[in-house]
Every structure is written in structure tokens, then in C-alpha cells.
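First comes the structure, then the notes that go with it.
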């Protein structure tokens, strides 16, 4: 069986390359460390490594599930002055505010592009799309100001196309994607653990529920319905 990008989940034993391993501090709770393997590393790294969010900047994050909340926290830790969270679920927006969002936009009620432009006075310096949909990616491009940087973090469907206009390429606006946080796994994971243990990175709030392996389908159903930020599966000891 092949492992996607050297990761696997929910297996009792794995045979993997040493490059996919990193030694962590013994005082790091494993149930919280589990969040770092993909979601937090992907979101945090997109803000800190790929986009290199600057102090005092304006940021928007579209989609504040696990990856989006990590990108939001990466922007906060980097010193962003304004962080706008966009989602269609009110409970996720409330959590986003607890984790550092200065403003929220409920896309189920308001037109998100105009709302973000109004909140930020013309657009953000750094945009992040953490869902993986052409429509929200297009919206994120439109929310990013001239001279800003738009980063696609979500995985778009194979063959998906995003319409662009000539105006999109005016004003030195930049576009990029970020894969697994754009950094070195062995460097980033110990760094993020330090962030967590010193109180900068908030992982406890991101765990919506902890379930045994036999309820893994319940966890997937909750994720599909948008009810949770992250579910953690715990094996019997």
C-alpha cells in the first residue's frame, strides 16, 4: 500500500522512510502532536514559510477548518495586525475569533469579497484559501490588494480551472500555492511544538472531539458536515 506524501493515518503499525520521522519533546502530549502531522504544519507553514506574513499586515483566511485555523494562527504569530476569517459556519467563526481573528465574515449571509474589501479598506496584503474550491480561490484573489500575495492552501480537484482576467495581472499581485507548509518537516514540527508549549500555538481549542478507532466513520461524518475543527482518533493502549 502506498502512503500519500509519506503520511498515513489510523494504522496501528507503519513501515516508513526515516525522512518521514521526527523526534519530539517528551513533554508534548501525543494527542495534540497528532494535529501537527499535516493540518497544522500545512496551515501554519503557509503563513510563516510560504507567504512569510509580515508584522502589521492585513490577512484573510477563507475556510477556518483545521488547516485554515492553523494558517490564521500562523498569521497571528507572525504579527499580522488584521486577520479576517471567512466561513459559512457560525461556530467555526466563533472559534476563529478565539484563536486570533480580528474580524469574521459569514459567507452564508454576506457577499464575502465586498465584505472583506470593506473591512480592510481595499483588500488584504496576504490571502489564504484553505478549502480547495475554484469559487473560493477566485474570491481570495479578488480580496487581495494590488501588490499583495494570494496563497492557495486547499487542494483543488484535479482538472479544476479558475477563471482569471487581464486585470488580475495588473498591479504586481502575486499568486502561489503552498504544499505541506513549504518548509522542512523536521525543522517545523519541533518549532511548532515549542510554540504550543509556550502558549503561542493553541491546539487544545482545535480538538472538537476525541473518539476511539471504531467511531472513525462518525468523525468523518462530522467533518463532512462541517461540525468540527479537528477530531482526534485514540487507540486503545
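The values are calculated or read from the model by the stated rules, or taken from the named source; none is laboratory data. Source: prediction; values computed, not measured. Glycine gets a Cβ as well: all are built from the backbone with ideal geometry, and neighbour counts include every protein chain shown.
Annotations
- Some residue of region 183-191 being over 21 Å from residue 22 (Cα atoms), surrounded by 14 or more Cβ atoms within 10 Å (Cβ to Cβ) and in contact (Cβ under 8 Å) with a residue 40 or more places away in the chain: no
- Scope region 216-237; condition surrounded by 14 or more Cβ atoms within 10 Å (Cβ to Cβ), out of contact with any helix residue (DSSP H, G or I) (no Cβ under 7 Å at 6 or more places or on another chain) and outside any loop (DSSP other than H, G, I, E, B); matching residues: 216, 219, 222, 223
- Test: residue in region 11-27 that is more than 28 Å from residue 119 (Cα to Cα), assigned to a helix (DSSP H, G or I) and in contact (Cβ under 8 Å) with a residue 12 or more places away in the chain: yes
- Among (1) more than 20 Å from the chain's Cα centre (by Cα); (2) over 19 Å from residue 73 (Cα atoms) - the single one residue 220 does not satisfy: (1)
- For region 193-207, the criterion of being without any contact (Cβ under 8 Å) to a residue 40 or more places away in the chain and buried (at least 16 other Cβ atoms within 10 Å of the Cβ) is met by none of the residues.
- Within region 163-179, being out of contact with any helix residue (DSSP H, G or I) (no Cβ under 9 Å at 6 or more places or on another chain) and either under 18 Å from residue 134 (Cβ atoms) or not in a loop (DSSP other than H, G, I, E, B) (or both) holds for 165, 166, 167, 169, 174.
To keep it simple, each residue is scored yes or no on (1) over 23 Å from residue 95 (Cβ atoms); (2) in a helix (DSSP H, G or I).
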| residue | (1), (2) |
| --- | --- |
| 181 | no, yes |
| 191 | yes, yes |
| 200 | no, no |
| 209 | no, no |
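- Residue match in region 51-58 (condition: farther than 19 Å from residue 208 by Cα, in contact with a helix residue (DSSP H, G or I) (Cβ under 6 Å, 6 or more places away or on another chain), modelled with pLDDT of 95 or more and not in a helix (DSSP H, G or I)): yes
- When the criteria are applied in full, residue 70 meets the requirement of being buried (at least 24 other Cβ atoms within 10 Å of the Cβ) and out of contact with any strand residue (DSSP E or B) (no Cβ under 9 Å at 6 or more places or on another chain).
- Take the conditions (1) surrounded by 13 or more Cβ atoms within 10 Å (Cβ to Cβ); (2) closer than 20 Å to residue 36 by Cα; (3) at pLDDT 90 or above; residue 212 misses just one of them, which is (1).
- So residue 80, is it assigned to a loop (DSSP other than H, G, I, E, B) and surrounded by 18 or more Cβ atoms within 10 Å (Cβ to Cβ): yes
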